[in-house]
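Structure first, commentary second.
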Amino acid sequence: MPSDYKTKAVALLKAIETGDAAPVGVINPAKYTQHNLAVGDGLAGFGAALQALPKGSAKVNTVRVFQDGDFVFAHTDYNFFGPKIGFDVFRFEDGKIVEHWDNLQETPTSPNPSGHTMLDGPVQATDLTSTEANKKLVTGFVTDVLLHGCMDIFNSYVDPENYTQHNPKIGDGLAGLKKGFEARAQAGQSLKYDRLFKVLGEGNFVLAMSEGHSASSPIAFYDLFRVANGKIVEHWDTVEAIPERAAWRNQNGKFQSEAEVIEVVTLKLKPGVTVAEFKPVDHELGAQYVSKQPGFISRESAAADNGDWLVIVHWRSVQDADASMEAFERAPGAAAFMANIDASTMTMKRYSK
């Protein structure tokens, strides 16, 4: 795994301020997919965005940067067309950047109820041997608490006595989180998580990229967590509205990935097993195992009129899909799932996006 990806990513971001052309050479000009919907696709789109900035107006200070395999994710203090806090995610291929996602939020004028800013706090990754365990913990938290609203198991994932919050409207601890949610609900600004797209981590820092909505408007959530002793102890985030498709300057979408894999499974239930009986078994497997695997994006299942069963799972990569399948036999709920189906009828196909 190349060790200079972080340096290259930070230099590219700094070039927004300096105008230096050399760092831009890290972008693969033949293959650069842009997910910032306000920027045109490819290297030409990146160049046009830089040219649109008034000369000398941009300021860029990357506060945190982490690497997860071929992905680098950075947490940056920006000032272009006004002060903003941003997360940037870059995917490298053969030493060059080939894909970029980001999420930006206007910088608040004052600290949050507990006196924290959107950027202060620890910046260096530690506990590097626990990266995968920490990613699994965060995946469970986002899935169970943020997507499914299971606040009763909040303390299973979070240390409520030592939970530092950097969201500009929410204070520390479980009490601060509940108060913040209640205030949003009363103001008609409640936010709903709908889908976890990607989870990246280095050591004790884990970034979750999710899609959701507020009222009928789509929202992008980027949540950065710090983990200590097996519990989440600190949280930073940005929330950005996703514009209507007519306003997009590229057609790549906010969350899609060239590396995504769609896994399609078809099967038949055993004679005597009804769809109504099988639905909770299938749901349990999805909730307790599949959704908590690294690289999981989304899962849905449905039954045909004749009882045939269909499962569609989106994975970040074929490697993530393979890893989940290899551990399937030991998975919670796997035995019950297999006991209800005719294994000889099961087929699986994968499709790359």
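The values are calculated or read from the model by the stated rules, or taken from the named source; none is laboratory data. Keep in mind it's a predicted model, so treat the numbers as computed, not measured. Cβ coordinates were reconstructed from backbone atoms using ideal geometry, including for glycine residues, and neighbour counts include every protein chain displayed. For the accessible areas, the whole protein counts, side chains as well, though only heavy atoms, and no ligand, DNA or RNA atoms are used. Shrake-Rupley method; radii C 1.70, N 1.55, O 1.52, S 1.80 Å.
Overall, the accessible surface of the chain at a probe of 1.4 angstrom is composed of carbon and sulfur to the extent of 54 percent. Accessible surface area normalised per residue over region 169-325 is 44 Å², counting heavy atoms of protein chains with a 1.4 Å rolling probe.
What number, in nm² with one decimal, is the all-direction average of the projected area of the convex hull of the alpha-carbon atoms of region 115-199? Provide the component values of the computation, followed by the final result.
Values: hull surface 26.0 nm².
That works out to 6.5 nm².
Counting only the Cα atoms, region 208-353 fills a convex hull of 166 Å³ per residue. Residues of region 116-153 falling in the label zone of GLU161, defined by backbone nitrogen less than 19 Å from a point 7 Å along Cα to beta-carbon, are 153. Scanning residues 5 or more positions from ILE232 or on other chains, those with amide H under 5 Å from its amide H are VAL158, ASP159, with H placed 1.01 Å from N in the peptide plane. In loop segments of region 67-124 as defined by DSSP, the chymotrypsin sites (Phe, Trp or Tyr not before Pro) with at most 14 further C-beta atoms inside 10 Å of their C-beta are PHE81.
Loop only per DSSP, at most 13 neighbouring Cβ atoms within 10 Å: give me the trypsin sites (Lys or Arg not before Pro) in region 14-98, ordered by residue number. Listed in order of number, the matching sites are LYS55. The Kirkwood hydrodynamic radius of the chain, based on inverse pair distances between different Cα atoms, is 21.7 Å.
What FRET efficiency do you get for THR7 and LEU310 if R0 is 35 Å and r is their Cβ-Cβ distance, rounded to the nearest 0.05? Plugging the Cβ-Cβ distance into 1/(1 + (r/R0)^6) gives 0.15.
Subtracting the Cα-Cα distance from 0.36 nm times the residue separation, let me have the gained length for ALA22 to ASP152 in nm, one decimal. Don't jump to the answer; show the numbers that get you there.
Details: separation 130, 0.36 × 130 = 46.80 nm, distance 5.13 nm.
Separation in residues times 0.36 nm, less the Cα-Cα distance, equals 41.7 nm.
Only aspartates and glutamates eight or more places from LYS55 in sequence, or on another chain, were considered; those with a Cα closer than 12 Å are GLU17. The calculated FRET efficiency for the pair HIS283 and THR117, based on their C-beta separation and a Förster distance of 35 Å, comes to about 0.30.
Extension gain, THR109-GLN251: 0.36 nm per intervening residue step, less the Cα-Cα distance, totals 47.8 nm. Note that region 190-289, at 25 °C in a medium of 0.890 mPa s, gets a Stokes-Einstein diffusion coefficient of 144 µm²/s from its Kirkwood radius over C-alpha pairs. Within region 151-167, list the residues whose amide N lies under 18 Å from a label point set 7 Å along Cα→Cβ of LEU174. The answer is 151-165.
In this simple spin-label model, placing a label point 7 Å from the Cα along the Cα-to-Cβ direction at both ASP322 and GLU93 gives a separation of 1.7 nm.
Across region 276-353, how large is the tail of the calculated P(r) beyond 16 Å, expressed as a percent of all Cα pairs? Don't jump to the answer; show the numbers that get you there.
Details: 1565 of 3003 pairs.
Cα-Cα pairs in region 276-353 separated by more than 16 Å: 52 percent.
For region 189-299, the tally of Lys pairs with Cα-Cα distances below 20 Å comes to 9, considering only residues 8 or more apart or on different chains. Estimated from helical segments only, the mean residue ellipticity of the chain at 222 nm is -7000 deg cm²/dmol, where each DSSP H run of four or more residues counts as -39500 (n - 2.57).
R0 = 30 Å: FRET efficiency of LYS55 with GLU244, Cβ-based, nearest 0.05? For R0 = 30 Å, the calculated efficiency reads 0.45.
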